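Everything below concerns the one structure shown next.
The values are calculated or read from the model by the stated rules, or taken from the named source; none is laboratory data. Please read all numbers here as calculations on a predicted model, not as lab measurements. FYI the Cβ positions are ideal-geometry reconstructions off the backbone, even for glycines, and counts take in every protein chain you see. Just the protein is used for accessible areas: all its heavy atoms, side chains included, with ligands, DNA and RNA removed. Shrake-Rupley method; radii C 1.70, N 1.55, O 1.52, S 1.80 Å.
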Amino acid sequence: MPDQTRPALYSLPQSPPNWDTVGIFYVSFCASWTFLLLLGVVFLVINRKNPILKIRGIGLSLAAILFLHVYWILAQITYPIGLTLPVIAAYDIQYFFMGIWFPLGVALFHASNTRFLHVAKRQKQYTQSSNLPIKKSGCNGADTSWLCRLRNMDYSKRILIYIGIGIIFQILLTVGMWLMCLKYHPSFGIPGTELSSATVPEQMIELSRGWEWWPSALWQVIWTWIIAPVMIWKAWGIRDTLGWRFQTIGCCLSNLHATPLWLISMYVPAFEPVNKYFSSSEWIHISVMMFEVFTVFVPCWLVVTQHRMRKRAADSNAKWGEVSQTTLRASGSLEWKSASAAEKGLTIDFLDKELGERLFTMSALDHVLNENPGPLQEFSALRDFSGENIAFLTSVASWKSSFPGDANEDQMRDAFTRALVTYTRFISPRDAEFPINLSSKDLKRLEDIFERPARIVCGEARVDPVTPFAGAGNPQSSEGEMDSSDAWIELGEVAGRIQYVGEISDAFDATVFDRAQAHIKYLVLTNTWPKFVSEIQEQRQSGETKRSDDTGNSSSTIASRISKLIRSVL
């Protein structure tokens, strides 16, 4: 039987709030930072359809930040009002927050960071040299095991399921160890886990230490010293224009100090004077603040910067659009394309001072899309993570150029089949991995035309009793229907050899994608195109500067190398 004699700690009276200078500072700082954070969160939510934020999936990252911020608030008010609570209740709150709440927040946060690596990998499918499939293969989860359904799930949903399983295990572990420890509840528990110290200060130190805290420490070590370095290593070679790499690496680096200093401050006596004003968990909450800076305030700054860039592109297009179109038509590509631009596969000399702001016009973008969209396609996929936009524009342009004038029924069905491929690859929210950003009105119009045929193709609905496709090489099942698990990929690969024989909407014609095409082209003009032009100019200028330096036999100093490294990180 456990000893029922309670140490003096359990009868320790509650203290009044500590409103000295330090206590006032903590409360004031907590209120001010929380207010600024909420302003940033509201700003991001309002601008959630911005390409910089939409590709991030900010719902998961903001949920993680709010989780972590609740624990951060708890740490800031510990000094002024922590002693107003019963001692055991205060340590119970800290134990459960550290054991359940904080690991959940960190798990959600790093899950949102892994989305960066996932998006960067999947965007490679839009590059010319990519071997990735347009849509990753899976299995027919509706007819087979739960494992297949898990594999076919959206990446974010699948990550949340993994986190849910892990946090359930952590809750059971945390609650189970709390129930076993006599020092948190002297009336029940495992003998030998009660408080053994004689004085109240020693008993309070004993409450904050022990084997029941080590699972939380282990999770922190796994996230900060195993997963985070791996993410840094994988993200290091990615050079995006969205600030996402900078955000991910910054968050990973800012968390490395937290667990070591938390453990040192608890177990090293020299930290006791510091712990009186700056509790051990504050070392963790410094990293939480840095998470908030990189996840909330940096994207806010990027959105404002992008707004200025978009305004510049829109103003340049409005001012120089017609003049630029005339200039490009009159010049001819062979006259104004320099040798260095030709070597890079470019169709415009981006350093031509006579073009100036005309480079940021729709006519310049149209010229590149018509002549050689390859470099822009590579840039949009690998740097801007918007490769689906350029791929959609080139796909629609190719489809429209081959649309028959006086089409008979067979030609119309062939054109509809190829249009259906474009819809499922780039537009359909159910089928496209990266659906293009359309207004709800335009999306609804295209869904009315293509959604039912798309559902037939993708297997969520079947046309019975006739087969949805007719033509050579049509794989059919014993009932005369196409295998829905493979239909999507086969549609893209054999669209020129099969025909959709279902009902075609009367609204389908050669202009069916015009509104979507115009909308996406304007998005490219005001988002991706200015970045592409600026990057080409910077590369060309830096290349010429380097050649000039080499000609002058100049050598790079240590300072210049460090500066180059810092620029590569930022």
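Taking R425 as the residue in question, decide whether it is charged (D, E, K, R) and buried (at least 20 other Cβ atoms within 10 Å of the Cβ).
Considered against the rule, which asks whether it is charged (D, E, K, R) and buried (at least 20 other Cβ atoms within 10 Å of the Cβ), R425 comes out as yes.
Which condition from (1) surrounded by 14 or more Cβ atoms within 10 Å (Cβ to Cβ); (2) farther than 16 Å from F97 by Cα; (3) touching a residue at least 40 places away in the same chain (Cβ under 8 Å) is the one that F188 breaks?
If we test F188 against (1) surrounded by 14 or more Cβ atoms within 10 Å (Cβ to Cβ); (2) farther than 16 Å from F97 by Cα; (3) touching a residue at least 40 places away in the same chain (Cβ under 8 Å), just (1) comes out false.
Which one is surrounded by the most Cβ atoms within 10 Å (Cβ to Cβ) among residues in the stretch 404-419 that are of a type outside the set (A, V, I, L, M) and without any contact (Cβ under 8 Å) to a residue 12 or more places away in the chain?
Q411
Working only within the stretch 390-403, note down all residues that are open to solvent by 20 Å² or more (accessible area, probe 1.4 Å) and either under 17 Å from H519 (Cα atoms) or not in a helix (DSSP H, G or I) (or both).
Hits for the stretch 390-403 are T394, S395, A397, K400, S402, F403.
Of all residues in the stretch 240-254, which are in contact (Cβ under 8 Å) with a residue 40 or more places away in the chain and over 24 Å from F379 (Cα atoms)?
Answer for the stretch 240-254, where residues must be in contact (Cβ under 8 Å) with a residue 40 or more places away in the chain and over 24 Å from F379 (Cα atoms): C251, C252, S254.
Among the candidates V22, V42, V87, which residue alone is crowded, with 20+ Cβ neighbours inside 10 Å, within 23 Å of H285 (Cβ to Cβ) and out of contact with any strand residue (DSSP E or B) (no Cβ under 7 Å at 6 or more places or on another chain)?
V87
Within the stretch 37-57, can you find the residues that are free of Cβ contacts under 8 Å to residues at least 40 places away in the same chain and in a helix (DSSP H, G or I)?
Those that are free of Cβ contacts under 8 Å to residues at least 40 places away in the same chain and in a helix (DSSP H, G or I): L38, L39, V42, V45, I46.
Hey, among the residues in the stretch 224-252 that are among the polar types (S, T, N, Q) and part of a helix (DSSP H, G or I), which one's farthest from the chain's Cα centre (by Cα)?
T224
So, restricting to helices (runs of 4 or more DSSP H) that lie completely within the stretch 99-215, which ones have at least 3 residues that are at pLDDT below 85, under 30 Å from R245 (Cβ atoms) and not hydrophobic (A, V, I, L, M, F, W, C)?
In the stretch 99-215, the matching helices (runs of 4 or more DSSP H) lie at 102-122, 155-180.
For Y277, indicate whether it is out of contact with any helix residue (DSSP H, G or I) (no Cβ under 8 Å at 6 or more places or on another chain), open to solvent by 70 Å² or more (accessible area, probe 1.4 Å) and in contact (Cβ under 8 Å) with a residue 24 or more places away in the chain.
no
Looking at the stretch 90-111 only, could you name the residues that are open to solvent by 20 Å² or more (accessible area, probe 1.4 Å) and either in contact with a strand residue (DSSP E or B) (Cβ under 8 Å, 6 or more places away or on another chain) or hydroxyl-bearing (S, T, Y) (or both)?
Selection gives Y91 alone.
Could you please find all residues in the stretch 253-265 being assigned to a helix (DSSP H, G or I) and open to solvent by less than 20 Å² (accessible area, probe 1.4 Å)?
Matches in the stretch 253-265: S254, A258, T259, W262, S265.
List pairs: first in the stretch 363-386 and more than 18 Å from F246 (Cα to Cα) and of a type in the set (V, I, T), second outside any helix (DSSP H, G or I) and at pLDDT below 90, Cβ under 7 Å, 6+ apart or cross-chain?
These pairs meet every condition: V368/T347; V368/I348.
What are the residues in the stretch 155-176 that are open to solvent by less than 30 Å² (accessible area, probe 1.4 Å), touching a residue at least 40 places away in the same chain (Cβ under 8 Å) and over 25 Å from the mean Cα position of the chain (by Cα), if any?
Q170, T174
Regarding A318, is this residue under 30 Å from W529 (Cα atoms), under 26 Å from the mean Cα position of the chain (by Cα) and modelled with pLDDT under 85?
no
Is there a residue in the stretch 429-452 that is β-branched (V, I, T), closer than 19 Å to E503 by Cβ and either open to solvent by 20 Å² or more (accessible area, probe 1.4 Å) or touching a residue at least 40 places away in the same chain (Cβ under 8 Å) (or both)?
Yes, there is a match, as at least one residue in the stretch 429-452 is β-branched (V, I, T), closer than 19 Å to E503 by Cβ and either open to solvent by 20 Å² or more (accessible area, probe 1.4 Å) or touching a residue at least 40 places away in the same chain (Cβ under 8 Å) (or both).
Do any residues in the stretch 289-305 that are over 13 Å from V41 (Cα atoms) and open to solvent by 10 Å² or more (accessible area, probe 1.4 Å) have Cβ atoms under 6 Å from those of residues that are in a helix (DSSP H, G or I) and not acidic (D, E), where the two are at least six apart or on different chains, and which pairs are they?
Between residues of the stretch 289-305 that are over 13 Å from V41 (Cα atoms) and open to solvent by 10 Å² or more (accessible area, probe 1.4 Å) and residues that are in a helix (DSSP H, G or I) and not acidic (D, E), the close pairs are M290/S254; L302/I52.
Taking only the stretch 503-532 into account, find how many residues are of a type outside the set (S, T, Y) and open to solvent by less than 20 Å² (accessible area, probe 1.4 Å).
11
Only one residue in W33, W72 is part of a helix (DSSP H, G or I), in contact with a helix residue (DSSP H, G or I) (Cβ under 6 Å, 6 or more places away or on another chain) and open to solvent by less than 70 Å² (accessible area, probe 1.4 Å), so which one is that?
Exactly one residue qualifies, and that residue is W72.
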